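The values are calculated or read from the model by the stated rules, or taken from the named source; none is laboratory data. Worth saying up front: this structure is predicted, and the values here are computed from it rather than measured. Cβ: placed from backbone, ideal geometry, glycine included. Neighbour counts: every protein chain shown. The area values use the complete protein model at the heavy-atom level, side chains included, leaving out ligands, DNA and RNA. Shrake-Rupley method; radii C 1.70, N 1.55, O 1.52, S 1.80 Å.
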Amino acid sequence: QEGRCLYVILLMALYWCTEALPLAVTALLPIVLFSFRGIAPFCPQYFLDTNFLFLSGLIMASAIEEWNLHRRIALRVLMLVGVQPARLILGMMLTTSFLSMWLSNTASTAMMLPIANAILKSLFGEKDTSKDMNRGNEENQASLQQNKLYTVPTEMQFLASTEDKDLTEEKEVASDAPSDLKKEEEYKTNIWKGFLISIPYAASIGGTATLTGTAPNLILLGQLKSYFPECDVVNFGSWFMFAFPLMLIFLLLGWLWISILYGGIDLRGWRMKKSNIRVDAEARAREVIKEDYQKLGPIKFAEQAIFFFFCMFALMLFSRDPKFIPGWASFFAPGFISDAVTGITIVIILFFFPSQKPSFRWWFDLKAPNTETQPLLTWRKAQETVPWNIILLLGGGFAMAKGCEESGLSVWIGGRLHPLEGVPPPVAVILITIVIALFTEFASNTATIIIFLPVLAELAIRLKVNPLYLMIPGTIGCSYAFMLPVSTPPNSIAFSSGHLMVKDMARTGLLMNLMGVLLLSLAMNTWAKSIFQLGTFPAWANIHAENATSLLTAVENVTLSAL
């Protein structure tokens, strides 16, 4: 049984890493292989509570994008932080990370890069790019007419813009310009790189702050329910209290590192007066941001409604069971109200709440037309924008974990971890985070955490530490992929702009990875201990350990009798 399950897992890991099959199709393999090979019957792992929590987050994100609320928030933040390069980079990172807490990392990056592109061109001039901007506007005309909304250029239109022309113009200017203009060109190039590289990094960091922010967080929650059904310390509120401060600290240090490395903060020229070129460029950038914000027009009733339901979504998830005080779920029967129930309750309202301000006079006016009111979100729009393949991917991960448990493979792996029993737990946290952060540079974050979590759970039982002490760093470490363009889709989008080189990402991402490992270790040994009760070996893990020991004894007896 263990060997059969291991074969299926290795096959799925190979397909996930090489993408020989689409990721979602590979995630369906347990339905077939586990059943035909007698490992486990078809189980409802593809429709767990966790999947519906993730689905509610995706539907909420779809409604936010439908009414351009994310763009209004982004431009408003940029207007508040100022137009100096270091402040703009901070504004970009704060906005991207906030959006990434609720939208997907890829969508947040694709939305922010065109805004960054427009600001950079206003900062450093734009000679012959007006034709390309007009061409991009023509390509967007159909969607403008269809949605009657101001839309941002898509990531493909952004990546297809005239970087090659800009680079050629930069070289021509640099060859004939005086030394001060050459310095301005170097400054321009560095700031451009700093802008582009900060956005995907902020998206990866921001996704760790909420359970619904990225798929690995939800895979952790689902596998905890599979391996340790009695574990109830991880929910939306407890995760947010742990991960949000970590995200803020990492974001601030990452901003300082990127700003210093790419000239946004010049330590040597801190007190020097800015040149007239830079002053004029900052004024142009301020006008571009203000103009883009004005194009959105006055805030609509639909945007106000979406913002209200979004705040309700976050507040109700956070206050359902915050652990340090009784949550509102305590007023209902225990075990019935989960994070998924809360999220689905809010998003269902989006499908019938009107997008235009209702008139109460309609009820008393017999001659009023009986016209249909468009809701905040239509099912057709949800079908088009929700990435349904991620739901299957999550289900495949949960099915794999269930197969490991049913077949005894996780126990078998735990029995081979004797050499690691002498490793101090704090050292184990650092080693695990480093190994997973390096592995995820070359493989999908989701595939990485699906493969590693069962091993980490068994290792924690062998070390007699709280399983969360090893599983949480492994989960967050999956999102710390900063060094290569292929590491994450946001990295690939930024790299494809043509202004970044692999060495730029490698030298910036190396220190980002190191900072992430150290900050995560600090968090796990400080405030996480009180939030998740990491100082003791919990009863819910002890029950699993006892079951695993009895199962391991049975496996050894079967093996000996066979011999």
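The helices (runs of 4 or more DSSP H) located wholly in segment 415-523 that include 3 or more residues which are open to solvent by less than 50 Å² (accessible area, probe 1.4 Å) and closer than 19 Å to ILE9 by Cβ occupy 445-463, 468-477.
Residues that are surrounded by 12 or more Cβ atoms within 10 Å (Cβ to Cβ) and either part of a loop (DSSP other than H, G, I, E, B) or modelled with pLDDT under 85 (or both) within segment 363-378 comprise LEU376, LEU377, THR378, listed in sequence order.
Residue count for segment 196-220, restricted to those that are in a helix (DSSP H, G or I) and open to solvent by less than 10 Å² (accessible area, probe 1.4 Å): 16.
Take the conditions (1) surrounded by fewer than 24 Cβ atoms within 10 Å (Cβ to Cβ); (2) farther than 23 Å from ALA202 by Cβ; PRO30 misses just one of them, which is (1). The residues of segment 71-86 that are under 14 Å from GLU291 (Cβ atoms) and more than 24 Å from the chain's Cα centre (by Cα), listed by number, are MET79, VAL83. Of all residues in segment 195-226, those being in contact with a His (Cβ under 6 Å, 6 or more places away or on another chain) and hydroxyl-bearing (Ser, Thr, Tyr) number 0. The set of residues in segment 8-27 being of a type in the set (Gly, Ala, Ser) and open to solvent by 60 Å² or more (accessible area, probe 1.4 Å) consists of ALA20 alone. What residue, among those in segment 286-313 that are free of Cβ contacts under 8 Å to residues at least 60 places away in the same chain and open to solvent by less than 80 Å² (accessible area, probe 1.4 Å), is farthest from TRP328 (Cα to Cα)? Here the residue is PHE301.
In segment 42-51, of all residues being in contact with an Asp or Glu (Cβ under 9 Å, 6 or more places away or on another chain) and open to solvent by 10 Å² or more (accessible area, probe 1.4 Å), the one that is modelled with the highest pLDDT corresponds to ASP49. Quick check on segment 236-251. Is at least one of its residues open to solvent by 10 Å² or more (accessible area, probe 1.4 Å) and at pLDDT below 85? No: zero hits. Kindly establish whether LYS193 is over 17 Å from ASN105 (Cβ atoms) and at pLDDT below 85. Criteria not met by LYS193. Evaluated against (1) in a helix (DSSP H, G or I); (2) over 23 Å from MET483 (Cβ atoms); (3) among the charged types (D, E, K, R), LYS193 falls short on exactly one condition, (2). Any chance segment 380-388 includes a residue that's open to solvent by less than 40 Å² (accessible area, probe 1.4 Å), in a helix (DSSP H, G or I) and within 22 Å of LEU55 (Cβ to Cβ)? Yes: one or more hits.
Pairs linking a residue in segment 341-353 that is more than 12 Å from GLN374 (Cβ to Cβ) to a residue that is exposed (fewer than 15 other Cβ atoms within 10 Å of the Cβ), with Cβ atoms under 7 Å and 6 or more positions apart or on different chains, are ILE346/MET312. Going through (1) closer than 22 Å to LEU253 by Cβ; (2) not in a helix (DSSP H, G or I) one by one, LEU103 falls short only on (1). Can you name the residue in segment 60-93 that is outside any helix (DSSP H, G or I) and surrounded by fewer than 20 Cβ atoms within 10 Å (Cβ to Cβ) and is also modelled with the lowest pLDDT among such residues? Taking the candidates together, the pick is GLY82. Do we have PHE54 as out of contact with any strand residue (DSSP E or B) (no Cβ under 7 Å at 6 or more places or on another chain) and open to solvent by 20 Å² or more (accessible area, probe 1.4 Å) here? In short, no.
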